[in-house]
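The values are calculated or read from the model by the stated rules, or taken from the named source; none is laboratory data. Just so it is clear, the structure is predicted and the values come from calculations on it, not from any experiment. Cβ atoms come from the backbone with ideal geometry, glycine included; neighbour counts cover every protein chain shown. Keep in mind that these areas ignore ligands, DNA and RNA; they rest on the heavy atoms of the full protein, side chains included. Shrake-Rupley method; radii C 1.70, N 1.55, O 1.52, S 1.80 Å.
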Amino acid sequence: MFVTETAEKIKSMEIRGAGRIARAAAEALRDHALAVKAPTNAAFRQEMERAAAELVATRPTAVSLPNAVHFVMAGLDAAKTVKEARTAVVSRAGQFIESSRHAVEKIAEFGARHIRDGDVILTHCNSEAALGCMIAAHRQGKEIEVFATEVRPRNQGLITIRTLNDAGIKTNFIVDSAVRSFIHDVDLVMVGADAVTVNGAVVNKIGTSQVAHTAAEARVNVIVAAETYKFAPRTVVGELIQIEERPPGEVLADAIAQTLPHVRVRNPAFDVTPAEYIDLIVTEQGAIPPQMAYVIIREYLGWDIGEFHKAFDLNGGHED
């Protein structure tokens, strides 16, 4: 029950934001492990793997989700009894949740160092990590101002401006298409990420790539705030991150769409920003240029090449 309810909330975006999604998945696996009544270790593992697959399938672009699930489920490998397996899942879920919360705090600390007194910052979508950097800078006494986009069609910008307002930060709320009109009033672009590939490209809310291209034209630096568990290990062996396309009803009401038989509504939730348009990625391990993304994947995520081979057929495609 815990897993299905959480999966539905993630899929419907009642739970949103890569970090929150990852923590929710870890919590669901923990609660499920405590509730499962399995006669054998093999049966327990089978049920946990089913639950893990259900969670991972909800948001294909959010790499934080499979990374969180991978971390929690890795505890089953050494377990020989149901009790050991249950304890391992609960323990590792707790570790992930705690480290995730601390990651956002550390990113805020590092990111605030790259914000100067008097800076005007543009942000797109609702990033817990990026907002943490701005709020930390504000608390340090730096006078900052923020331009926040509305983020159509789900209006995540409303969450952003409420957070900034509650922190006492001067904020301008603009439509997504107005970014170029205001970019010359901006000193810095700061956004979050849903995934970071091995070559440093960033997958984030649709529109981020346009913001980064506009910033490059205006010679405005772009900083991405991203926890290490948002880096995508399987991109090392060429796997592409699937870009989620959401229901058309989010953009155009079904009643109206039915009167337009020749119109197809497209609603991709994310886009890809090339590494050359990103100046810095701030993680809880420190700030790196995007070209160093591979170091994060290798050193901090705990994936080895054997696991890549299991997950990905190097001779031509996915394994069945």
- Item | Karplus-derived HN-Hα couplings along region 238-252 (A = 6.51, B = -1.76, C = 1.60, θ = phi - 60°), whole Hz, x at Gly and Pro | x, 6, 8, 7, 6, 8, 5, 10, 8, x, x, x, 6, 9, 9
- Note on the structure: Along region 193-201, Karplus-curve 3J(HN,Hα) (6.51, -1.76, 1.60; θ = phi - 60°) to the nearest Hz, with x for Gly and Pro, reads 8, 9, 7, 10, 8, 5, 8, x, 5
- Note on the structure: Normalised per residue, the volume inside the convex hull of the alpha-carbon atoms of region 66-118 in Å³ amounts to 72
- Counting Lys and Arg as +1 and Asp and Glu as -1 over every other residue whose Cβ sits under 13 Å from the Cβ of Val72, the net charge comes to 0
- Note on the structure: Averaged per residue, the 1.4 Å probe accessible area of the chain, protein heavy atoms only, in Å², is roughly 48
- For Asn221, enumerate residues with amide H under 5 Å from its amide H, sequence gap 5+ or separate chain, H modeled in the peptide plane. Val189
- Message: Compute the angle between helix 82-112 and the longest alpha-carbon principal axis of the chain, please, reported from 0 to 90 degrees and rounded to the nearest 10.
- Response: 10
- Please give the helix 157-166 orientation as an angle from the longest Cα principal axis of the chain, in degrees from 0 to 90, rounded to the nearest 10. 80
- Would you compute, for the Cα atoms of the chain, the largest minus smallest coordinate along each principal axis and list the three values in descending order, in whole Å? 63, 53, 43
- Item | region 18-117 - percent relative contact order, Cα under 8 Å, separation 6 or more | 38
- Query: Among rounded, prolate and oblate, which fits region 170-295 when a ≥ b ≥ c are the square roots of the eigenvalues of its C-alpha gyration tensor, a/c under 1.5 means rounded, and a/b larger than b/c means prolate?
  - Reply: oblate
- Query: With contacts defined as alpha carbon pairs under 8 Å and 6 or more residues apart, what's the relative contact order of the chain in percent?
  - Reply: 17
- Quarter of the surface of the C-alpha convex hull for region 87-159, i.e. direction-averaged projected area in nm², equals 6.0
- With the Cα gyration tensor of region 206-272 in hand, give its eigenvalues times 5 under a square root as the equivalent ellipsoid semi-axes, listed largest first in whole angstrom. 31, 19, 10
- Near the amide H of Thr171, under 5 Å away, which other amide H atoms are found, from residues 5 or more places off or on another chain, if H is placed in the peptide plane? Val146
- Task: Take the Cβ-Cβ distance between Arg152 and Thr4 as r, set R0 to 45 Å, and report the resulting FRET efficiency rounded to the nearest 0.05.
- Result: 0.90
